[in-house]
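No value in this document is a laboratory result; all are computed from the given coordinates. None of these values were measured; they are calculated from a predicted model. Neighbour counts run over all protein chains shown; Cβ positions are idealised from the backbone, glycine included.
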Amino acid sequence: MSSSILAPDSTLMRFLTRIADLMILNVLFVLTSLPIVTIGASLTALNFVGMRIATDTDRTIVGDYLRSFRRNLKQSTLLALILAGIGSALAAWYYVVTTAPLPSIAVIVLMAIWYLLAFMFVMGALYVFPYVARFEGSIGEVLRNARRMSIRHPLAPLTVAALTALSVIVTIYYPQATAWGLLWLMIGFAGIAFLGGALFARVFQRYISASALVSDQEEE
């Protein structure tokens, strides 16, 4: 009985292996993000491996991660800078509207617009790095397609946003939850990438299948 449970292909061992994979992935993400400027490439590699783990197509965690990191370093860094610039503009908008002596109606209208734009920005931004991890394209194409996918398929970014928000809230307001803190340090980022990766991979597969169908029809 015990030998079957500890067999390499048993449910328990597969689960433990995946936990170990997520721990390795989490460490890689944290280490490669320390220079800050590389956060874009780190997020792309994190999502790349997260999707591969979720679809059971991963080979080696370290190899897959470093390959994606190197391949997408330049483009992901530029995309991260663009997103940071947009985020800074939204932050400046919020600061000006909430501190300037404006009429109440103007504040209400401007803040309503701000919340709409901020929501659209977050939804699109959460698609950017998974998209780069899965597809090739120019920066303009990446941003445009990420925005379109966030409108057509909102479940994936909403799930990632909810998981991230929940993690931040628990971390800030329940610091006494030591077990949670340890879990976050061990697999926090990788865990979110894994759960979100299952949803992103499903969305992307639709476009891959559609592209393959068009190619087949053109060949005929």
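Projected label points at ILE151 and VAL107, each 7 Å from Cα along the beta carbon direction, are separated by 3.2 nanometres. Taking label points 7 Å from Cα along the Cα-to-Cβ direction, LEU117 and ARG70 give a separation of 4.1 nm.
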